[in-house]
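K.L.:
The structure that follows is given in the form of structure tokens.
The values are calculated or read from the model by the stated rules, or taken from the named source; none is laboratory data. Because the structure is predicted, anything quoted here is derived from the model rather than measured. Cβ atoms come from the backbone with ideal geometry, glycine included; neighbour counts cover every protein chain shown. Side chains are part of the model used for accessible areas, which takes the heavy atoms of the whole protein and leaves out ligands, DNA and RNA. Shrake-Rupley method; radii C 1.70, N 1.55, O 1.52, S 1.80 Å.
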Amino acid sequence: MSTRLAESLVAAESDMARIHRSVVRIGAAAAWFAAALFIVAGFLAGNEDLFTEAMGAVLAASLMTALILLKRENAAVAMVGAVFVVMVWHSVIGNEDTIIPAAVAMVVISAIGMLFVVRSQRFAIGAVSLLLFLAPQLWHLPFDEALTLGTVIAVSFILTSVIFATVRSAAATLNQRFQMLFEHSPTAVLEEDWSEAVAYVRSEYTGRPERIRAFLLAYPAVVRRAVNRARILRVNAAAVALLEASGPDDLLGVRDSDRMAPETLEAFVDALVALYEGKTFYEQEVPATTMKGRPIWLQARSVDSSSEKPATTILVGLADITHIKARQEAMAELVRSKDEFIAKVSHELRTPLTAVLGLTREMAGERALSESEHAELMHLVAGQAEEMAYIVDDLLVAARAETGSISIESVTVDMVAALRSTLNGLAMRLDDLPDAIPDAVGDPNRVRQILRNLLTNAQRYGGPKTRILAGATFDNVWIEVCDDGEGVPAEDSEHIFAPYGVAHSGVHGSVGLGLSVARQLAEMMKGSLTYRRDRGETVFRLNLPIAGHHESALTTSEASL
């Protein structure tokens, strides 16, 4: 009871209904218990006077019980009603020995009741003091004694009420600042009661304290039942907005642990362990879902501010760290991609480098080589060295693209010559090579680099048949490199152009650097590079600005391998 009365001194207005309810119910239980004691004592002692005295407690208990049944729990009404019962009942059974205890009880109970009067407090004090002044007149006392006693009781009540009111006002002033901080804080804050949850965990686990976490992780059903016993008492406006609730009532009460994801439930394990160990501060990162079903990540910092029973008043500050988690995941994915990229590039470089080393050792060996053998080996070494040069060139373009230091020329490019030169460099032979492609505007070296990457991609990862289509529109020249390979899944159609991207396919797993570089170069020359699947074929299309404006709508040529 003393705890509830102390709470009433500093409670926020939103908490008063809860405190009124608690006080009335505790008072009713105490009154019924007192009545039961009088009755039992009367039976055991055979004293009928005790039955009569029990009726006072019964009347007080009945009044409070009626308030509970009517859902009109009001501590002030209950207290003043109890005073009225004491006053009337003392006039029936009282004597000289019970006058002082009855008077003291009336003063104390009335003054406590005034703590719960919010409106018209002065009027209430005046009315109750008048009632207390008249009370001795019913106690069969001489007029002058009744007048003196009534005055003493009334003055004592007024002084006690003023003292209580002063203390309450001072405490309320201090508490108002806290309430302002709680209610209007830009940070989402919840007040929670985890006392029953912790008590349940203690009842289920009696082993060594250092193994409590392992126990909870092994028995998720215990965690769910414990979480269902934790109650959210208050939330502020920022918490309502953060969790996308329609109002505070959506969040108050107990959580439904059956609807929680396993990773969310695991986060509550950390909270239960911290409270089980008696920690007053702990923080954690919790995956959660808003009331509108949006998944978010929350950083929860909890402080146990309970003054008496641990875990009864826990303040939880929430912060949305979804964007931080997304950035961390993106960074982790980038690190994984770069690690995979380094491994694949190392493999790409190792293949021609191993060939160069093997060929040069053969040339430097003890066996004499004929002129034709020596020329053939030199040709193979040059080809493998050129392959390494291509890879290094792509690496340089990728690195310079990130710093914006790539130099791009803008001149007229003979597309037929660029295509033939690239094919010759790759030793590729195509039938019916296009010979009527309009000139484009761009950098000749970069155009050949794009074509080399597209043709190399078709050689390595395409099917047995490769075709080249070429043509022009009013303002663009386009070349399509087509092959009948399996291609890549639809979800990877853009990912293959990302730096360090990997196309996940049963046919191939490209490092993605060549295609990424090719697209970057095409866009720097005001063109584009796209991928599509068309009637069972993989098609990479390069578009570049046309040199001049041709009136013909479309010119098309085709080459096949």
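K.L.:
To the nearest 10 Å², what's V80's accessible area with a 1.4 Å probe?
P.N.:
Looks like 40 Å² after rounding.
K.L.:
Helix 121-134 versus the longest principal axis of the chain: what is the Cα-based angle in degrees, 0 to 90, to the nearest 10?
P.N.:
20
K.L.:
Now for a separate question. Whole Å is fine, so just give me how far the alpha carbon centre of the range 414-464 lies from that of the range 476-491.
P.N.:
Using only Cα atoms, the two centres lie 14 Å from each other.
K.L.:
Step through the residues of the range 383-396 one at a time and calculate ³J(HN,Hα) from phi using the Karplus curve (6.51 cos²θ - 1.76 cosθ + 1.60, θ = phi - 60°), rounding each to whole Hz and writing x for Gly and Pro.
P.N.:
With coefficients 6.51, -1.76 and 1.60, one gets x, 5, 5, 5, 4, 5, 4, 4, 4, 5, 4, 5, 5, 5 Hz.
K.L.:
Follow-up. Short version: ³J(HN,Hα) in whole Hz for each residue of the range 469-483, in order, from phi by Karplus 6.51 cos²θ - 1.76 cosθ + 1.60 (θ = phi - 60°), x for Gly and Pro, what are they?
P.N.:
10, 9, x, 8, 10, 4, 10, 9, 9, 10, 10, 10, 9, 10, 9
K.L.:
Measure nothing fancy, just the Cα-based angle from helix 513-524's long axis to the longest principal axis of the chain, in degrees from 0 to 90, nearest 10.
P.N.:
90
K.L.:
Further question on the same structure: Distance from a point 7 Å along Cα→Cβ of A17 to each backbone N in the range 64-85: keep the residues under 13 Å and list them by number.
P.N.:
Only 71-74 fall inside the zone, counting backbone N under 13 Å.
K.L.:
How large is ³J(HN,Hα), in whole Hz, for each residue of the range 299-313 in order, when computed from phi with the Karplus curve 6.51 cos²θ - 1.76 cosθ + 1.60 and θ = phi - 60°, using x for Gly and Pro?
P.N.:
3J(HN,Hα) across the range 299-313, in whole Hz: 9, 10, 10, 10, 10, 8, 9, 4, 8, 10, 7, x, 6, 7, 9.
K.L.:
Would you kindly calculate the translational diffusion coefficient of the chain, applying Stokes-Einstein with the Kirkwood radius from alpha carbon pairs, for 25 °C and a viscosity of 0.890 mPa s, and quote it in µm² s⁻¹ without decimals? Numbers along the way, then the final one.
P.N.:
Details: Rh = 32.5 Å.
Estimated via Stokes-Einstein, D reaches 75 µm²/s.
K.L.:
Sticking with this one: What aspartates and glutamates does K71 reach when the alpha-carbon gap must be under 17 Å and sequence neighbours fewer than 8 apart in one chain are set aside?
P.N.:
D15
K.L.:
What residues qualify as long-range amide H neighbours of T473, i.e. H under 5 Å apart, gap of 5 or more or another chain, H built at 1.01 Å from N?
P.N.:
Those qualifying (amide H under 5 Å, at least 5 residues apart or on another chain) are W478.
K.L.:
Where the accessible area of the chain is counted over protein heavy atoms with a 1.4 Å probe, how much of it, in %, is carbon and sulfur?
P.N.:
The computed percentage sits at 58.
K.L.:
If ligands, DNA and RNA are left out, what is the accessible area of W89 with a 1.4 Å probe, given in Å² to the nearest 10?
P.N.:
50
K.L.:
Express the accessible area of the chain per residue in Å², computed with a 1.4 Å probe while the remaining protein chains stay in the model.
P.N.:
Solvent-accessible surface per residue comes out at 54 Å².
K.L.:
When the chain is fully extended, how far beyond the present Cα-Cα distance does K292 get from A399, taking 0.36 nm per residue of separation?
P.N.:
Length gained, K292 through A399: 34.2 nm.
K.L.:
First measure r as the distance between the Cβ atoms of L69 and E196, then evaluate 1/(1 + (r/R0)^6) with R0 = 30 Å and state the FRET efficiency to the nearest 0.05.
P.N.:
According to the calculation, E is roughly 0.70.
K.L.:
How do K325, K465 stack up against each other in accessible area, from largest to smallest, with a 1.4 angstrom probe?
P.N.:
Most to least solvent-accessible, the answer reads K465, K325.
K.L.:
Tell me, how many Å apart are the Cα centres for the range 278-356 and for the range 358-410?
P.N.:
Rounded to whole Å, the Cα centres lie 44 Å apart.
K.L.:
Taking H placed 1.01 Å from N in the peptide plane, check which residues at least 5 places from V254 or on another chain put their amide H under 5 Å from its amide H.
P.N.:
Result for V254 returns I232.
K.L.:
Taking a 1.4 Å probe, which of M291, M363 shows the most accessible area, and what order do the others take after it?
P.N.:
Numbers: M291 105, M363 45 Å².
The residues order as M291, M363, largest area first.
K.L.:
Kindly report, to the nearest 10 Å², the accessible surface of Y461 as traced by a 1.4 Å probe over protein heavy atoms only.
P.N.:
40
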